[in-house]
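Peer 1: Okay, here's the structure, questions in a sec.
Any read-out appearing in this document is the output of simple, stated calculations on the displayed coordinates, not a laboratory observation. Worth saying up front: this structure is predicted, and the values here are computed from it rather than measured. FYI the Cβ positions are ideal-geometry reconstructions off the backbone, even for glycines, and counts take in every protein chain you see.
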Amino acid sequence: MPDEAMKTASHKIPPYKGRNIGIVILVAAQVLVGFIHVVFGFWMLSAPHTGPFAGILGSSSGPDIYSVYTIIFSLLTLLFAAGIWLPKSWGWVGTVAVAVFVIIADSLTLLDLPSVPGIPKFAGFGEITYSVLLLLYLSQRHIRIRYRIGNA
């Protein structure tokens, strides 16, 4: 019997700073996603625009709206990743809310329905897949218990 316990214990992945490996990977992925989006958001916002409204103060084009959307998305992603790491229930709720919004906005874009102007279709499938996987992980009972969500 002690050999059985040793085998089970030796195959268990040790936690990192009191967090299971799934949370560590999730937070690392969210920080990476947030960082990439903040860089691209500011890059797109500062890039020169071409077209009939280029240079007109106060004009809002699709790329401008998408740039601001990307920056806001990235900052929220980074904020809620910190909440997941701490672990705070607002981090869980915020991450779920952002993932649901991404699924809806990207689905509308892929279906050619009104959505956030400028969302690229080529990114939609990957963002939807990532967000669904994120929601599936966060909806697991042991994760909801850790973040004190619902009746878990």
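Peer 1: Is there any pair linking a residue in region 14-36 that is within 11 Å of TRP85 (Cβ to Cβ) and free of Cβ contacts under 8 Å to residues at least 24 places away in the same chain to one that is assigned to a strand (DSSP E or B) and aromatic (Phe, Trp, Tyr), with Cβ under 6 Å and at least six apart or on different chains, and which?
Peer 2: Between residues of region 14-36 that are within 11 Å of TRP85 (Cβ to Cβ) and free of Cβ contacts under 8 Å to residues at least 24 places away in the same chain and residues that are assigned to a strand (DSSP E or B) and aromatic (Phe, Trp, Tyr), the close pairs are VAL24/TYR16.
Peer 1: Is there any pair with a first residue in region 140-152 that is free of Cβ contacts under 8 Å to residues at least 12 places away in the same chain and a second that is of a type in the set (A, V, I, L, M) and assigned to a helix (DSSP H, G or I) whose Cβ atoms are under 6 Å apart and which are 6 or more apart or on different chains, and what are they?
Peer 2: Partner pairs satisfying both residue conditions: ALA152/ILE145.
Peer 1: Sticking with this structure for a sec: I'd like the full set of residues that are assigned to a helix (DSSP H, G or I) and of a type in the set (Lys, Arg), limited to region 107-152.
Peer 2: Selection gives LYS121, ARG141, ARG144, ARG146.
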